[in-house]
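Step one of this worksheet: look at the structure below.
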Amino acid sequence: MDVLVKKAQAALEFLMTYGWALIAITIVVGAIYLAFDINPKDRIPDSCSFGDSFYCKDFTISKAGVLTMNFKNTVGVPLTVKSITCVANGLTVNSAVSVPVDSGGEFQLSCDLGKVLIDKTKFSVSVLFYKQGMSFPSTSDGLVVGSPI
């Protein structure tokens, strides 16, 4: 019986020692998290990327929820942009436009979510356009990630 009590005591001491160590580690990690205000969204860089049709030169996102993008036509022929669709934070905005663009020309498009933005936001953007001389539309899809200013 004496051997059984010693084994139980050793097992209990083992569990208590590692239990306290686990509690201490949890407290330290929590303190670091609070002290440095770690937010995973802050680690994602701002970016604007589209397919081969357009080069996204730059973009801005306003706190009022307006995404403005400056593009360069890399299709190789003149085209006319007919619509832009933006999806962000569960909202979809479809805007009809008529923007003629020369080959290699630059143009600007914007989407207004009509919602105040505070944090970094990811926009899925789709641009519908017609190449000169074509009767069927083409689409260029892209992704824009940024913080409102």
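Throughout, read-outs are computed from the coordinates displayed, never taken from laboratory work. As the structure is a computational prediction, the values presented were derived from the model and not from experiment. All Cβ positions, glycine included, derive from the backbone under ideal geometry; neighbour counts span all protein chains shown.
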Principal axis lengths of segment 1-82 from Cα atoms, whole Å, largest first?
93, 27, 17
Skipping prolines and chain starts, which residues have an amide H placed within reach, meaning under 5 Å, of the one on residue 105, given they are 5 or more residues away or on another chain?
73
Karplus-derived 3J(HN,Hα) from phi for segment 131-137 (6.51 cos²θ - 1.76 cosθ + 1.60, θ = phi - 60°), whole Hz, x at Gly and Pro, runs 6, 4, x, 9, 9, 10, x
What does the net charge come to around residue 90 if you take all other residues with beta carbon closer than 12 Å to its beta carbon, with K and R at +1 and D and E at -1?
+2
Express the C-alpha Rg of segment 45-146 as a ratio against the empirical globular expectation 2.2 N^0.38 Å, rounded to two decimals.
1.04
Cysteines of the chain lacking any other cysteine beta carbon under 4.7 Å?
none
With axes computed from alpha carbons, what is the tilt in degrees of helix 2-36 against the longest principal axis of the chain, rounded to the nearest 10 within 0 to 90?
30
Report the gain in length on full extension from residue 9 to residue 47: 0.36 nm times residue separation, minus Cα-Cα distance, nm rounded to one decimal.
7.8 nm
Whole-Hz ³J(HN,Hα) for each residue in segment 71-82, computed from phi via Karplus 6.51 cos²θ - 1.76 cosθ + 1.60 with θ = phi - 60°, x for glycine and proline: what do you get?
10, 10, 6, 10, 5, x, 9, x, 8, 10, 7, 10
